[in-house]
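Presented below is the structure to which this report refers.
The values are calculated or read from the model by the stated rules, or taken from the named source; none is laboratory data. All of these numbers come straight from a predicted model, not from anything done at the bench. Cβ: placed from backbone, ideal geometry, glycine included. Neighbour counts: every protein chain shown. Note: accessible area is taken over every heavy atom of the protein model, side chains too, but ligands, DNA and RNA are not part of it. Shrake-Rupley method; radii C 1.70, N 1.55, O 1.52, S 1.80 Å.
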Amino acid sequence: MLEVSDLGCVRGERTLFGGLEFTLEPGTLLRVAGRNGSGKTSLLRILCGLALPARGEVRWRGEPIRALREEFHRQLVYIGHAPAVKDDLTARENLEIACALGGAPVDGGTAASALDRVGLREHAGLPARFLSQGQRRRVSLARLAAAGDSRLWILDEPFTALDTIAIGVVQEMIAGHLDAGGAVIFTSHQEVAVATVSVFTIELGG
Amino acid sequence: MFRVMRVVIGRDLLLAMRRRSDVANALLFFIIVASLFPLGVGPEPNLLRTIAPGVIWVAALLASMLALGRMFASDYADGTLEQMLLASAPLGWIVVGKAIAHWLVSGLPLVVLAPVLALQFDLATDALVVMMVSLVLGTPSLTLIGAIGAALTLGVRGSGVLTSLLVLPLYVPVLIMGTGAVDAAAGGVTVQAHLLLLAAFLVFAGAFAPWAAAAALRISLD
């Protein structure tokens, strides 16, 4: 699905990584590991097209993602470092707008069940300003439960600020997505066990 | 494509509704700046009538520039802008949506308030009508051009001042044509040429500014 060839990233004067090559097949889970500052987030931003690589190319089904752009975005869910949650909107409005922007609008029922899945049933109508750090994180992760037919999930530290129950829910959602033939790339400091499949790991920065 | 644009417009209007004070600040600024001039130059009716178009236009210009900071900065800070770059519609259309919503909350009220301010300057009725038409045609151009500046200065320290330095020179044609139209109306000359030029400028800005702003956003977020 996703092919990466000879990818290199330079930040300032420093080469973060170079000559990175891999191919991601449907149903695979890829974990990007590495020390702080080894370029994990930079790699994810390059993979989803937010940042330009210094060298190399990322291709989606044979086409460079720069050329595909919106067509690629429709099949992608990216959850970055920042939760992308608006303080003045309710959890539910945040979810609905995020899904509509991503090209998979949800109706009220789907949104409610997605929020229910991440344990925010009682907070759906509350402005995000009143939610805790972990709850905001859950609002953005609720998008995974409402993601429709997206193929590729790119998740930057999805487990930070979550309690063990929520981590379990996210792992379940990832497992379900992989079973349905999707692919997931994520960064995480802790080893995460997703039952059904083996995890491939890329270790950045020696 | 238009669905995503509608979502963006609805979202930004909703956010503006929830943060009414931000919107009100720029409008109060407009009123206060335009009211300082009659107090400063004194109550000489002829003089006030002469300076009215320029003062109101400059105040509108500054007020719409003041509001530019709201356009992308908060979306940039909380990460929602990243999601817009990864949206299923071209970024240019999203910028168009944001510009429309931004004009509705910060440009349109200027047009509506202008007659009230014009009272202080004893502006004739026909000149007042032309003033409003020129503002309707001119302020969207200000928003569109300003979007480029706001996008370029995202995440830069002291971005407010930098935006004004980038954007104000580009506002000059709109200012000249806008005040020119009102002056012409006050002098009893035909205003068509000025208004058509303003409209042409708006078409030009509408066609190019969103794409330039989109490119600037991509650079800012790289």
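No other residue among A:Ala128, A:Ala145 is in contact with a Pro (Cβ under 9 Å, 6 or more places away or on another chain) and over 24 Å from A:Ala33 (Cα atoms) apart from A:Ala128. Test B:Ile31 against the criterion of being over 30 Å from A:Ser140 (Cβ atoms), in contact (Cβ under 8 Å) with a residue 12 or more places away in the chain, among the aliphatic types (A, V, I, L, M) and surrounded by fewer than 18 Cβ atoms within 10 Å (Cβ to Cβ), and give yes or no. Here the answer is yes, as B:Ile31 does meet what is asked. Of B:Ala151, B:Ala215, all but one fail to be within 14 Å of chain A (Cβ to nearest Cβ) and over 21 Å from B:Ile56 (Cα atoms); the exception is B:Ala215. Among the conditions (1) within 17 Å of B:Leu66 (Cβ to Cβ); (2) buried (at least 18 other Cβ atoms within 10 Å of the Cβ); (3) of a type outside the set (S, T, N, Q); (4) out of contact with any Leu (no Cβ under 9 Å at 6 or more places or on another chain), the only one that B:Leu165 does not satisfy is (2).
Here A:Arg61, A:Arg66, A:Arg117 are screened, and the one residue that is outside the structural domain of A:Val184 (by TED's automatic domain parsing), open to solvent by 20 Å² or more (accessible area, probe 1.4 Å) and more than 15 Å from the chain's Cα centre (by Cα) is A:Arg117. Taking segment B:64-90 as the range and being open to solvent by less than 10 Å² (accessible area, probe 1.4 Å) and in contact with a Pro (Cβ under 9 Å, 6 or more places away or on another chain) as the test, only B:Gly79 passes.
For every residue, the table says whether it meets (1) assigned to a helix (DSSP H, G or I); (2) within 9 Å of chain B (Cβ to nearest Cβ).
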| position | (1), (2) |
| --- | --- |
| A:Glu71 | yes, yes |
| A:Tyr78 | no, yes |
| A:Ala84 | no, yes |
| A:Arg92 | yes, no |
| A:Ile97 | yes, yes |
| A:Val106 | no, no |
| A:Leu115 | yes, no |
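When segment A:8-57 is filtered for residues that are under 22 Å from B:Leu85 (Cβ atoms) and of a type in the set (A, V, I, L, M), the ones remaining, listed by number, are A:Val10, A:Leu16, A:Leu24, A:Val32, A:Leu43, A:Leu44, A:Ile46, A:Leu47, A:Leu50, A:Ala51, A:Leu52, A:Ala54. The residue that is farthest from A:Val184 (Cα to Cα), counting only those in segment A:1-51 that are among the basic types (Lys, Arg) and assigned to a strand (DSSP E or B), is A:Arg14. Pairing residues of segment B:4-28 that are within 11 Å of another protein chain (Cβ to nearest Cβ) with residues that are open to solvent by 50 Å² or more (accessible area, probe 1.4 Å), at Cβ distances under 7 Å and at least 6 apart in sequence or on separate chains, gives B:Val4/B:Trp93; B:Met5/B:Trp93; B:Asp22/B:Arg70.
Of all residues in segment B:85-99, those that are farther than 14 Å from B:Ala207 by Cα have Cβ atoms under 7 Å from Cβ atoms of residues that are at pLDDT 90 or above and acidic (Asp, Glu), 6 or more apart or on another chain, in B:Lys98/B:Asp12. Residues that are of a type in the set (Gly, Ala, Ser), without any contact (Cβ under 8 Å) to a residue 12 or more places away in the chain and surrounded by fewer than 18 Cβ atoms within 10 Å (Cβ to Cβ) occur at least once in segment B:37-46.
Take the residues of segment A:35-58 that are more than 11 Å from A:Leu7 (Cβ to Cβ) and more than 10 Å from chain B (Cβ to nearest Cβ): which is surrounded by the fewest Cβ atoms within 10 Å (Cβ to Cβ)? Among them, the one singled out is A:Asn36. Out of segment A:162-177, which residues are of a type outside the set (Gly, Ala, Ser), open to solvent by less than 20 Å² (accessible area, probe 1.4 Å) and within 20 Å of A:Ala33 (Cα to Cα)? Result: A:Val170, A:Ile174. Taking residues in segment B:101-118 that are open to solvent by less than 30 Å² (accessible area, probe 1.4 Å), and partners anywhere that are aromatic (Phe, Trp, Tyr), the pairs with Cβ atoms closer than 6 Å and at least 6 places apart or on different chains are B:Leu110/B:Phe30.
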